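Enquirer: Got a structure for you, written out below as structure tokens; questions coming shortly.
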Amino acid sequence: MNIDYPLWMEIDLQSLHNNFIRIQQHLTVPDASRIIGVVKADAYGHGLESVLQLQKWGMNRFGVATAQEGEALRQIGIKGTIYLLGGFIDQEIPGIFKNHLTPALSSREEWDCLNSAVQTNQQELDFHIKIDTGMGRMGFLPEELDESFFDQISHHPYLRLKGVMTHFASSENNPAYTQKQFEIFQNCLERLSHSKQILFDNLEKHCCNSAGFLFFPYFHLDLVRVGIALFGVSPIHDFSPARSLGLSPVMRIRSRVKHLKTLPSGCYIGYGGTYITQGQTRLAVIPIGYAQGLLRRLSNRMEVLIKGQRAKCLGVISMDQMMVDVTNIPNVKRGDLVTILGPDGADEIRAEEMAAWAETIPHEILCSFSRIKNRILV
Ligand SMILES: *Cc1c(COP(=O)(O)O)cnc(C)c1O
């Protein structure tokens, strides 16, 4: 491959397609239209081209965080349902109607805002309601959803209630809490169903993010909202849940060796001299830094792959450059390929591993690389 960039992202479309199929197969009712592909934050850093591919393969529901993200999807030709998963501010309302987004409502204020907007534009809009069962973020508290309010929002000439959702706070590591949230959700649903049985049966009920989807198959309900799993990555540091389902990472970050030098023992490396060479050291400089999304927290911890072998980061990561130790990798030359994320030879740097190095979650690792705009579909 002839690539002119010093740093680029490869999007492995075959993996993306395969992940989409595997996720369908893992559903309690295998069906592509039961999947909401969560593609907020520029598709977790993968870019919107990958969303278009998902649509071509049959995905017809997408989740975003803002009306602006929804508009960007409409502009590239996304036709299916676009859920605004986290509510909205008043200024986003024109964008919601213009782009036919499906917001998840979290409060009576949001309802009132939509309601007054339709008085003027007389435009139909689908919406879901979000229940806060223990996330402590967006959503109605269960007790706020009384029968009269439910009656009001389920009989409107323009605004059509289509679904009810909740969001798990700890489905990746706290099954007891997740179970409790699920029960609160079920109780709330049951209460509402008594008031409006027929309407209620047609509502789409959903609660699973990737961790819920992977670890609680009996919580899949009508729809699942998968983000990180779609991109082949586990929501935790252990990559085996994703791998055992046959999911594989979509994002690969690559660069080239820009400079090489041999330093004697006792030399300071990088700003602040946080690393001092312990012996004669062959050092390579790579053109990626925190401005390109490499978290500074990875300094002196992360590793990259050169010729399929691991090279450890030396010193702190600079704005646009980093240094690695290639003493034990023979014949490294200027211009050699460097893999920052993804496979090279028999080895692979995974987002889950990087997240462990940086003491964060894999989601942040993927999103941090959204700054790399040189994307190549492979
Ligand atoms: C981001 C998000 C998801 C997807 O989470 P993953 O862990 O990436 O699968 C699902 N639901 C809601 C409400 C979200 O905000």
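Values quoted throughout were computed directly from the atomic coordinates according to the rules given, and no laboratory measurement underlies them. As the structure is a prediction and not an experimental result, all values here were calculated from the model. Here the Cβ positions follow ideal geometry from the backbone for every residue, glycine too, while neighbour counts run over all protein chains shown.
Enquirer: Rounded, prolate or oblate for the range 70-179? Axes are the square roots of the Cα gyration tensor eigenvalues, ordered a ≥ b ≥ c, and the cut-off for rounded is a/c under 1.5.
Expert: Cα axes put the range 70-179 in the oblate bin.
Enquirer: What residue among 310, 334, 22 shows peak mean-square fluctuation when the chain is described by a Gaussian network model with Cα springs under 10 Å?
Expert: 334
Enquirer: Which one, 81, 113, 97, projects farthest toward the positive side of the charge dipole computed for the range 69-118 from Cβ point charges (K/R +1, D/E -1)?
Expert: 81
Enquirer: Relative contact order for the range 1-91: what percent, with Cα pairs under 8 Å and sequence separation of 6 or more?
Expert: Rounded, it is 25 percent for the range 1-91.
Enquirer: Fewest first, what order do 361, 286 take by the number of other Cβ atoms within 10 Å? Kindly include the intermediate steps, with their values, before the conclusion.
Expert: Values: 361 20, 286 25.
Starting with the residue having the fewest Cβ neighbours, the order is 361, 286.
Enquirer: Which whole-Hz ³J(HN,Hα) couplings does the range 262-273 yield from phi under the Karplus relation 6.51 cos²θ - 1.76 cosθ + 1.60, θ = phi - 60°, glycine and proline marked x?
Expert: Each residue's phi maps through the Karplus curve to give 10, 10, x, 4, x, 8, 7, 10, x, 3, x, x Hz.
Enquirer: Find, among the GluC sites (Glu not before Pro) in the range 25-131, those assigned to loop by DSSP (not H, G, I, E, B) with at most 16 other beta-carbon atoms within 10 angstrom. Working shown, then result.
Expert: Numbers: sites: 49, 69, 71, 92, 109, 110, 124; in loops: 124.
Those satisfying the criteria are 124.
Enquirer: In what sequence do 267, 188 fall when counting other Cβ within 10 Å, fewest first?
Expert: If I rank by nearby Cβ atoms, fewest first, I get 267, 188.
Enquirer: When the helices in the chain are scored as -39500 (n - 2.57) per DSSP H run of 4 or longer and the sum is shared across all residues, what 222 nm value do you end up with, to the nearest 500 deg cm²/dmol?
Expert: -8500 deg cm²/dmol
Enquirer: Quick check for me: using +1 on Lys/Arg Cβ and -1 on Asp/Glu Cβ, what's the dipole size of the chain about its Cα centre, in debye to the nearest 20?
Expert: Roughly 1680 debye for the chain.
Enquirer: Would you list, by chain and number, the lysines whose Cα falls below 30 Å from the Cα of residue 261, excluding same-chain residues fewer than 8 positions away?
Expert: 307, 312, 333, 373
Enquirer: Fewest to most neighbouring Cβ within 10 Å: what's the order for 262, 66, 178?
Expert: 262, 66, 178
Enquirer: Could I ask something else about it? Just tell me which aspartates and glutamates come within less than 15 Å, Cα to Cα, of residue 162; anything on the same chain fewer than 8 places away is out.
Expert: 124, 126, 151, 201, 204, 222
Enquirer: Over the range 41-125, what is the mean sequence separation of C-alpha contacts under 8 Å (at least six apart), divided by residue count, expressed as relative contact order in percent? All intermediate terms of the calculation are to be shown ahead of the outcome.
Expert: On the way: 95 pairs, mean separation 20.4, N = 85.
After rounding, I find 24 percent.
Enquirer: Then there's this: Quick one: helix 175-195 against the long Cα principal axis of the chain, what's the angle to the nearest 10°, folded into 0 to 90?
Expert: With rounding to tens, the tilt is 20 degrees.
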